[in-house]
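Have a look at the structure below, then the notes.
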Amino acid sequence: MNSYSKRKYIIILIFSIVALAFIVRLFRLQIIDTNYKRSATTNVLREVIEYPSRGLIYDRNGQLLVYNKAAYDLLVTPRETTSFDTLQLCKILNINIDDFVQELKKAKKYSRYKPSVIVKQISPEQYALMQEKIYKFPGFYFQSRTLRAYQFNMAAHIFGYVGEVNQQALNNDEYYRIGDYLGITGVEYAYEKELRGDKGASFFLVDVHNRLKGSYDKGRMDKMPVKGKNLQTGIDAQLQMYGESLMQNKAGSIVAIEPSTGEILALISTPSYSPDLMVGRSRIEQFPLLVSDSLKPLYNRAIQAQYPPGSTFKLVQALIGLQEKVITPSTRFMCAHGYHVGSFTQACHHNGEFTLTPSIAQSCNAYYAHTFRRILEAPQFGNIKTGYEKWREHVVSFGFSTKISPEFGQELSGFIPDAEYYQKRVFPVSRWRALPLISLAIGQGEIQMTPLQMANLAATIANRGYYYLPHIVKNIEGSEIDPIFKQKHYTSIDTSYFELILDGMEHVMSFNHGGTASLSYIPGISYCGKTGTVQNPHGADHSSFIAFAPRENPKIAIAVYVENGVWGSRYAAPIASLLIEKFLNNDIQESRKYLEKQMLETNLLYPGKPGYKKPE
């Protein structure tokens, strides 16, 4: 009897344990774990994402530049479709029928019960046509979006473009879902988080066939989208368009900066493209064409092209020479059609003696070869390698050999070789000597700089020794721009030496002083400039010019590069002078209209078209 009694209690205990396990499991499933609740809710709810409109972009004067226009995605729930006229639908939407059939197959493979985007970025006109006939296509419905639109056909490299997210973006930011869009280049990329806003969502009840049956819980769960923040740029729209017109049919770039803030007034790279080409479904067709174009319209020369600075770099050499006290304003060097050492000659078109100011005004190569050699061989350095390292330290303080604008993700840094570079390639077994490096004296050799860096040099000289990081965006709605854009970056050159350089730069624009850009003089405006002829082993030399104006309280600093433009005075200087005059006076004087006409009509790219001039 006792044996049976014990068995009874053991069986009761086993059943109790099993019952308790079921109770605990049910408690977890029903009370603690919400996965099943969410799964059940999902079966009766449809979440419709509400996309916010991207922030607007304005110029410095409040002119609207980039705005939004309505667009629509066509979605399909395969389970709800019936027989329909595929050809009619494709004609209305102007899409390829084979592509449409393929997308429909993908949607069915993904899910017959869940909606899939089948046609993206439909225009308002096509949407209106479809709305009249949507009853003929059960299972199809629209989701609203916005696309970028542009007030003017300009500044494609500044604005950048918006495209569909890739897997990397999906992995890096949980905000994005497949099919979302984000900024790919330019301001759209740099300020993506500010411009994109915050997505909203609406919840709807659906039946077993995934058909909408009305709002869920009277809309209490709905979340309104928050539009993106508006941006005000430092760009002057009129100056930007004028610069682009002057650079048409030419390859090159222009960068204009406000020295007192670092705000970019204009940034031009040509050849360029219409920003509208990179919007909506046209981007799919146009992008491969732009990529394969031999003139590289997608290539942003202002921040990616690396050129030797040429004679514009002589300004930096002069400042370093003054700082290291190897020259004074009255130091004289002889030029006998160049700089000569034994059988070596660095050619120049002058014959006579030069002091500092005339050497800048007339751009004497020999003067700067002598100056550079004195820097390298200065007694305070002890040897040429140490002299070079000190010289490079001064050069880098101007913002060269580094990226100077955090807004441009594709910006290149330029190149100022360090001592190790020459130790390995030029002096691996021999002692350092000045002559193998002498081409650096006139901004040639291994030195590489971007037009943005050269415009920043002009701004630095205008400020007498400091610069702000160049930047496009001036204000962000509801917040401040990054404080790094308000910090002054000082060069290693004493402020007192800059006025001496300004004297020479002002004489560059003077016919009486034999200035190399005297034909680009602007009556009534005191401004400082420096021409450059950039040696090009692949064809005709490049034309370059940097300047700022007025001399006192400068409002604009500028760099212009015209590829295969031969001399700095031929194209770069006239174009820069016209932009300066346009910005300061809002018009071009009658006496200079001929120069404007000449620059507008010059064609250096397209043989057989009016105005073509073969580069020499």
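All of F333, F287 fail the test of being in contact with a Phe, Trp or Tyr (Cβ under 8 Å, 6 or more places away or on another chain), without any contact (Cβ under 8 Å) to a residue 40 or more places away in the chain and open to solvent by 10 Å² or more (accessible area, probe 1.4 Å), apart from F333.
Among the residues of region 129-138, those identified as over 21 Å from N96 (Cβ atoms), open to solvent by 50 Å² or more (accessible area, probe 1.4 Å) and of a type outside the set (D, E) are Q131, Y135.
Looking for something touching a residue at least 60 places away in the same chain (Cβ under 8 Å), exposed (fewer than 14 other Cβ atoms within 10 Å of the Cβ) and more than 24 Å from G414 (Cβ to Cβ) - is there at least one such residue anywhere in region 501-510? Checking region 501-510: at least one residue is touching a residue at least 60 places away in the same chain (Cβ under 8 Å), exposed (fewer than 14 other Cβ atoms within 10 Å of the Cβ) and more than 24 Å from G414 (Cβ to Cβ).
Residues are listed down the side, and each one gets a yes or a no for (1) surrounded by 14 or more Cβ atoms within 10 Å (Cβ to Cβ); (2) out of contact with any helix residue (DSSP H, G or I) (no Cβ under 9 Å at 6 or more places or on another chain):
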position	(1), (2)
F485	yes, yes
N512	no, no
S520	yes, no
P523	no, no
S526	no, no
H538	no, yes
F548	yes, no
N553	no, yes
V562	yes, no
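S144 falls short on exactly one of the conditions (1) buried (at least 17 other Cβ atoms within 10 Å of the Cβ); (2) part of a strand (DSSP E or B); (3) among the polar types (S, T, N, Q), and that condition is (1). Just one of the listed residues (Y191, Y216) is of a type in the set (F, W, Y), crowded, with 17+ Cβ neighbours inside 10 Å and at pLDDT below 95, namely Y216. When the residues of region 153-208 are filtered to those that are among the basic types (K, R) and in a loop (DSSP other than H, G, I, E, B), the one that is farthest from L56 (Cα to Cα) is R177. Flag: S123 matches the condition of being within 33 Å of the chain's Cα centre (by Cα) and open to solvent by less than 70 Å² (accessible area, probe 1.4 Å). Would it be correct to say that L578 is open to solvent by less than 10 Å² (accessible area, probe 1.4 Å), part of a helix (DSSP H, G or I) and either at pLDDT 95 or above or closer than 16 Å to S245 by Cβ (or both)? Taking the combined requirement at face value, the residue satisfies it.
Checked against the criterion of being over 30 Å from I472 (Cβ atoms) and of a type outside the set (D, E, K, R), the candidates N94, N61 yield just one match: N94. From the list G183, G200, G139, the lone residue that is more than 21 Å from M278 (Cα to Cα) and touching a helix residue (DSSP H, G or I) at 6+ places or on another chain (Cβ under 6 Å) is G139.
When I57 is tested against (1) within 27 Å of S215 (Cα to Cα); (2) at pLDDT 85 or above, exactly one condition is not met: (1).
When you check G338 against the structure, is it under 17 Å from H507 (Cβ atoms) and in a strand (DSSP E or B), yes or no?
Answer is no for this residue.
Does region 221-242 include one or more residues that are basic (K, R), at pLDDT below 75 and open to solvent by 20 Å² or more (accessible area, probe 1.4 Å)? Within region 221-242 (the criterion being basic (K, R), at pLDDT below 75 and open to solvent by 20 Å² or more (accessible area, probe 1.4 Å)), the answer is no, since none of the residues qualifies. Scanning region 564-575 for residues that are in contact with a Gly (Cβ under 8 Å, 6 or more places away or on another chain) and in a loop (DSSP other than H, G, I, E, B), we see that the one that is least open to solvent (accessible area, probe 1.4 Å) is G565. Can we say S510 is under 22 Å from L322 (Cα atoms) and part of a loop (DSSP other than H, G, I, E, B)? Answer is no for this residue. Only one of the numbered conditions (1) β-branched (V, I, T); (2) at pLDDT 95 or above; (3) crowded, with 17+ Cβ neighbours inside 10 Å is violated by T495, and that is (3). A count restricted to region 425-442 and to residues that are surrounded by fewer than 16 Cβ atoms within 10 Å (Cβ to Cβ) and not in a helix (DSSP H, G or I) stands at 6. Please enumerate the residues belonging to region 53-95 that are under 17 Å from G179 (Cβ atoms) and part of a strand (DSSP E or B). Across region 53-95, the qualifying residues are A71, Y72, D73, L74, L75, V76.
Pairs linking a residue in region 583-611 that is under 19 Å from Q238 (Cβ atoms) to a residue that is of a type in the set (G, A, S), with Cβ atoms under 7 Å and 6 or more positions apart or on different chains, are L584/A549; L600/S245. Do we have any residue at all in region 405-416 that's touching a strand residue (DSSP E or B) at 6+ places or on another chain (Cβ under 8 Å), open to solvent by less than 60 Å² (accessible area, probe 1.4 Å) and of a type in the set (F, W, Y)? Checked against the condition, which is being touching a strand residue (DSSP E or B) at 6+ places or on another chain (Cβ under 8 Å), open to solvent by less than 60 Å² (accessible area, probe 1.4 Å) and of a type in the set (F, W, Y), region 405-416 yields no hits at all. Look at (1) closer than 30 Å to L56 by Cα; (2) in a loop (DSSP other than H, G, I, E, B); (3) of a type outside the set (A, V, I, L, M, F, W, C) and you find that Q453 fails only one, number (2).
The helices (runs of 4 or more DSSP H) located wholly in region 218-327 that include 1 or more residues which are under 30 Å from I484 (Cα atoms) occupy 237-246, 301-304, 314-323.
For region 367-424, filtering for residues that are in contact (Cβ under 8 Å) with a residue 60 or more places away in the chain and in a loop (DSSP other than H, G, I, E, B) leaves 13. Kindly indicate whether any position in region 395-413 is at pLDDT below 95 and β-branched (V, I, T). Yes, the conditions are met somewhere in region 395-413. Scanning region 308-330 for residues that are open to solvent by 10 Å² or more (accessible area, probe 1.4 Å) and either over 16 Å from R373 (Cα atoms) or of a type in the set (G, A, S) (or both) turns up P308, S311, P329, S330. When region 446-483 is filtered for residues that are more than 20 Å from the chain's Cα centre (by Cα), over 20 Å from G252 (Cα atoms) and either open to solvent by less than 30 Å² (accessible area, probe 1.4 Å) or among the hydrophobic types (A, V, I, L, M, F, W, C) (or both), the ones remaining, listed by number, are T460, I461, A462, N463, G465. Entry remark, region 341-357: residues being open to solvent by 10 Å² or more (accessible area, probe 1.4 Å) and assigned to a helix (DSSP H, G or I) number 1 in total. Of the residues contained in region 262-282, none is found to be within 19 Å of H471 (Cα to Cα), in contact (Cβ under 8 Å) with a residue 12 or more places away in the chain, open to solvent by 10 Å² or more (accessible area, probe 1.4 Å) and among the polar types (S, T, N, Q). Each residue in region 365-376 was checked for being within 15 Å of S330 (Cα to Cα) and open to solvent by less than 10 Å² (accessible area, probe 1.4 Å), and 3 pass.
The values are calculated or read from the model by the stated rules, or taken from the named source; none is laboratory data. Since we're looking at a predicted model, the values are computed, not measured. FYI the Cβ positions are ideal-geometry reconstructions off the backbone, even for glycines, and counts take in every protein chain you see. Ligands, DNA and RNA are excluded from the accessible area calculation, which covers all protein heavy atoms including side chains. Shrake-Rupley method; radii C 1.70, N 1.55, O 1.52, S 1.80 Å.
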